[in-house]
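The values are calculated or read from the model by the stated rules, or taken from the named source; none is laboratory data. Note that the coordinates shown come from a computational prediction; the quantities given were computed from them, not determined experimentally. Cβ placement follows ideal geometry from the backbone for every residue including glycine, while neighbour counts extend to all protein chains displayed.
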Amino acid sequence: YLDDMFITGPQEHATRAMLEAREALTDLNLMLNVKKTACLVRCEEQARAVREALQGVTIKDEGLDVLGAFLGDPGRCKHQAWEVVRQARVAIRDISHLPSMQGQLHLLHCAHSKVTHLARLMPPDEVMDALAEHDRNIEAAAARLVKGGGRMDGWELVMRQMRLPFRFGGMGLY
C-alpha cells in the first residue's frame, strides 16, 4: 500500500514537490487524498501560499502526528509523551491479580510498546522526563507482579534480567 508519504523542506520546495507527487500519482491511476493531507507551516504567509497551491489540504502550525509520534512544537511533544506514559500507567495499574506470565506479557505488550515506539521517534530532550517516569511505573508494576509489592532479596537482579532483550532471556523492558 502507498498510504503514507512525507515531503519535507522549505515551504516553496515542499509545495512544488507535493504538486509533482500529485501529478505522478495521477499518472499511476492513484489519487492524493487531500482530506488526509496536512502541511506544517510556520506563518500565515506560508499557509496562504499552501492553501492556494494545494486546495483542500489541512494546514497545521503547531506540528504533525507522524507514525504515532508528534513532530513540531517542543511543548506539544512533551505533552504527547506524558499522555502516552499516562495511558501506559492506566494499562498497568493493577496487574497483580494476573498470573505471572500473563502479567509480564501485559507489561510488555500493553504498557511498554507504545512508549518504546515514542522513544524511538521523538526528540530525546522532549521525552526524557516522561520516559524516566515510565521506567519507574514499569518497575513498580513488575514489583507488584513478581513479589506482590513486598520486599524481595535479589530484586535488582530480577530487574536486570527483565531489562535484557528477549534473545537473552529478558523482557526487553527499558
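Restricting attention to the range 45-75, which residues are out of contact with any Gly (no Cβ under 7 Å at 6 or more places or on another chain) and among the hydrophobic types (A, V, I, L, M, F, W, C)?
ALA47, ALA49, VAL50, ALA53, LEU54, VAL57, ILE59, VAL66, LEU67, ALA69
Considering ARG93, ARG120, which residue is of a type in the set (D, E, K, R) and over 28 Å from THR8 (Cβ atoms)?
After ruling out the rest, the residue left standing is ARG93.
Looking only at the range 24-54, which residues are in a helix (DSSP H, G or I) and surrounded by 11 or more Cβ atoms within 10 Å (Cβ to Cβ)?
ALA24, LEU25, THR26, VAL34, GLN46, ALA47, ARG48, ALA49, VAL50, ARG51, ALA53
Report yes if some residue within the range 115-123 is touching a Pro at 6+ places or on another chain (Cβ under 8 Å) and either on the phi < 0 side of the Ramachandran plot or at pLDDT 80 or above (or both); otherwise report no.
Yes - at least one qualifying residue is present in the range 115-123.
Going by the conditions given, is ARG76 surrounded by 14 or more Cβ atoms within 10 Å (Cβ to Cβ), within 22 Å of MET122 (Cα to Cα), at pLDDT 80 or above and of a type in the set (D, E, K, R)?
Yes; evaluated as a whole, the condition is true for this residue.
Which members of the range 90-121 meet the condition of being under 18 Å from ASN137 (Cβ atoms) and touching a strand residue (DSSP E or B) at 6+ places or on another chain (Cβ under 9 Å)?
Passing the criteria: HIS117, LEU118.
State which residue is farthest from LEU32 (Cα to Cα) when the search covers only the range 59-72 and only residues that are surrounded by 14 or more Cβ atoms within 10 Å (Cβ to Cβ) and without any contact (Cβ under 8 Å) to a residue 40 or more places away in the chain.
Top of the filtered list is GLY72.
Tell me the residue from MET5, MET18 that is farther than 26 Å from MET128 by Cβ, in a loop (DSSP other than H, G, I, E, B) and without any contact (Cβ under 8 Å) to a residue 40 or more places away in the chain, please.
Only one candidate qualifies: MET5.
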